[in-house]
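I have placed the structure first, in the form of structure tokens, so that the comments after it can refer back to it.
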Amino acid sequence: MSRLIPGALLALSLTVGFGLPANAQESPIRIPEPIRIEHEHLHQDLAEAMKAGGRTGDAASQVQQALSGHFEEENRLVMPLLGLLEPLAKGRVTEQMRPAVAMSREVQQKLPRFMEEHRAIHKAVEQLISAAEAEGKSQVADFGRRLALHAQHEEVVLYPAAIVVGERVEAALAAK
Ligand SMILES: [Fe+2]
Ligand SMILES: [Fe+2]
């Protein structure tokens, strides 16, 4: 048993440490877990809604089309910046955070497009809610309301926070 432990530890350190590319193990710029999970759940619920059939299923497919590309761009550009909120609030600023400056500028520049995409998503979601209500699919209607709230949360909290993060990192690195 005791001879197995060093081997197990080596395997563990390989998995945890050396098995990952350098920036994956070190970069603090990563999507906070609750946000990653929320996006994943919305996708799963949308996939379920698309199986609902009838007008509801068709409307859910329209929502899927409106969302296509949008979630991916958020997950690539916006959400990882939010991983810096916690260290920044604790006064921790490191050189590894520097890419956040360019990322946040890109968010600012793409903000009008994100908002336009949200308007298209919102229209599709309204259709989904009314189809689901008409067909008595209350779970899908609830999902539609959650998705609308999610987009609103992004507009008034998450997008602005992602932009502020980059500005804060830039100012803190300049002062170092
Ligand atoms: Fe989102
Ligand atoms: Fe969004």
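The values are calculated or read from the model by the stated rules, or taken from the named source; none is laboratory data. In this text, all values refer to a predicted model and were calculated from it rather than measured experimentally. Here the Cβ is made from the backbone with ideal geometry for all residues, glycine too, and neighbour counts use every protein chain on show.
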Discussion item. Can you go through Arg92, Arg98, Arg113 and tell me which one is among the basic types (Lys, Arg), touching a helix residue (DSSP H, G or I) at 6+ places or on another chain (Cβ under 8 Å) and farther than 18 Å from Ile35 by Cβ?
Written reply: Arg98
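Kindly establish whether Val107 is touching a residue at least 40 places away in the same chain (Cβ under 8 Å), within 14 Å of ligand 1 (Cβ to nearest atom) and farther than 15 Å from Ala49 by Cα. Even if it seems obvious, please write down each step before you answer.
On the way: touching a residue at least 40 places away in the same chain (Cβ under 8 Å): yes; within 14 Å of ligand 1 (Cβ to nearest atom): yes; farther than 15 Å from Ala49 by Cα: yes.
Yes.
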Practice prompt. Report whether or not Leu81 is within 12 Å of ligand 1 (Cβ to nearest atom) and either assigned to a helix (DSSP H, G or I) or surrounded by fewer than 21 Cβ atoms within 10 Å (Cβ to Cβ) (or both).
Written response: no
Item to complete: Output the residues belonging to region 15-41 that are at pLDDT below 95 and either among the small types (Gly, Ala, Ser) or in a loop (DSSP other than H, G, I, E, B) (or both).
Response: Gly17, Gly19, Leu20, Pro21, Ala22, Ala24, Ser27, Pro28
Discussion item. Among the residues in region 138-161, are any more than 13 Å from ligand 2 (Cβ to nearest atom), part of a helix (DSSP H, G or I) and polar (S, T, N, Q)?
Written reply: yes
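Please find, among Val107, Val93, Val125, the residue that is surrounded by 14 or more Cβ atoms within 10 Å (Cβ to Cβ) and farther than 24 Å from Arg168 by Cα. Lay out the reasoning, then the answer.
On the way: Val107 fails: farther than 24 Å from Arg168 by Cα; Val93 fails: farther than 24 Å from Arg168 by Cα.
Checking each option against the conditions leaves just Val125.
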Practice prompt. May I ask you to list pairs of residues, at least six apart or on different chains, whose Cβ atoms are under 8 Å apart, with the first in region 49-73 being farther than 14 Å from Ile121 by Cα and assigned to a helix (DSSP H, G or I) and the second being away from ligand 1 (no atom under 16 Å from the Cβ) and β-branched (Val, Ile, Thr)?
Written response: Ala49/Thr56; Ala49/Val140; Thr56/Val140
Practice prompt. Name the residue, out of Glu117, Glu133, Glu126, that is under 18 Å from Val78 (Cβ atoms) and either small (Gly, Ala, Ser) or part of a helix (DSSP H, G or I) (or both).
Written response: Glu117
Discussion item. Given the condition more than 18 Å from the chain's Cα centre (by Cα), under 21 Å from His150 (Cβ atoms), exposed (fewer than 15 other Cβ atoms within 10 Å of the Cβ) and acidic (Asp, Glu), answer yes or no: does some residue in region 46-67 qualify?
Written reply: yes
